[in-house]
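I have placed the structure first, in the form of structure tokens, so that the comments after it can refer back to it.
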Amino acid sequence: QQILTEHASVPAMRETVEKLKNYSPTVNELMSKEEHLTSEEKNNITTYLLSRVAIENASRPSHVTNLTMAEYHSGEEIEDNYVCTTLYAKNGIAPLSFSQELRRLIHKYIRNVRVHISNSSPAGKAPLFLNNAGNRIRNLSSERHLYKLLKLVGVAHIFNLTQMRKAVTTLAARQFRNNPGQRSLLNNYLAHTNEVAEMYYEAATRTSEYH
């Protein structure tokens, strides 16, 4: 569990997670509307859920946007979280963890929002999260999605998901300097090797940039 939440000790990440969680009742209420949701409302809901999963897992955007309905429903309970894996990751299989609160929101999204969006993907390949055209979202770190959401919930420092992953990896390298096994475990969870972490994540970033 420490590995899954390590990035929360990066101050900017902790602020973001807290503000997004505080916005959860607003999203829950929006998904409870009896009248049809507007295109903008559906986009905001989908963006919120995608961003929560990506940020809380410090994952690549593609790990979340490519996650299929079948993969999501094939997960299992581990301690207090629900964990599934996606095969559409850059380096093979990537795990994704969901708190019970986030899982309830996603189930409500499936029942109340996603069901009204047409999707033509083959059986077993349909993305869990759909844009209004029924396709997967291809650019989560954008003004239409993540940046708009961060501004909406009042995050002071707007960042993209690559910057977040660099900050998390750099912090982990410092904290696990004398524990290579723990460090490797976290890098595996982030779906990159120790070598890639050292070359492209740790050396390129100072965690102070995101404080």
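The values are calculated or read from the model by the stated rules, or taken from the named source; none is laboratory data. Model, not experiment: these values are computed from the prediction. Counting neighbours? That spans all protein chains shown, and the Cβs are built from the backbone with ideal geometry, glycine included. These accessible areas exclude ligands, DNA and RNA; they are computed on the full protein's heavy atoms, side chains included. Shrake-Rupley method; radii C 1.70, N 1.55, O 1.52, S 1.80 Å.
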The condition of being on the phi > 0 side of the Ramachandran plot, modelled with pLDDT under 90 and either open to solvent by 30 Å² or more (accessible area, probe 1.4 Å) or not β-branched (Val, Ile, Thr) (or both) holds, among 203, 191, only for 191
Filter the range 18-57 down to residues that are farther than 25 Å from residue 68 by Cβ and surrounded by 15 or more Cβ atoms within 10 Å (Cβ to Cβ) and give me whichever is modelled with the highest pLDDT. 23
Criterion: of a type in the set (A, V, I, L, M), touching a residue at least 24 places away in the same chain (Cβ under 8 Å) and farther than 28 Å from residue 158 by Cα - qualifying residue of 117, 106: 117
Residues within the range 159-188 that are part of a loop (DSSP other than H, G, I, E, B) and either surrounded by fewer than 20 Cβ atoms within 10 Å (Cβ to Cβ) or at pLDDT below 70 (or both), tallied: 5
Consider residue 125 carefully, then state whether it is within 16 Å of residue 67 (Cα to Cα), open to solvent by 20 Å² or more (accessible area, probe 1.4 Å) and among the charged types (D, E, K, R). yes
Subset tally (residues that are hydroxyl-bearing (Ser, Thr, Tyr) and part of a loop (DSSP other than H, G, I, E, B)) for the range 27-42: 2
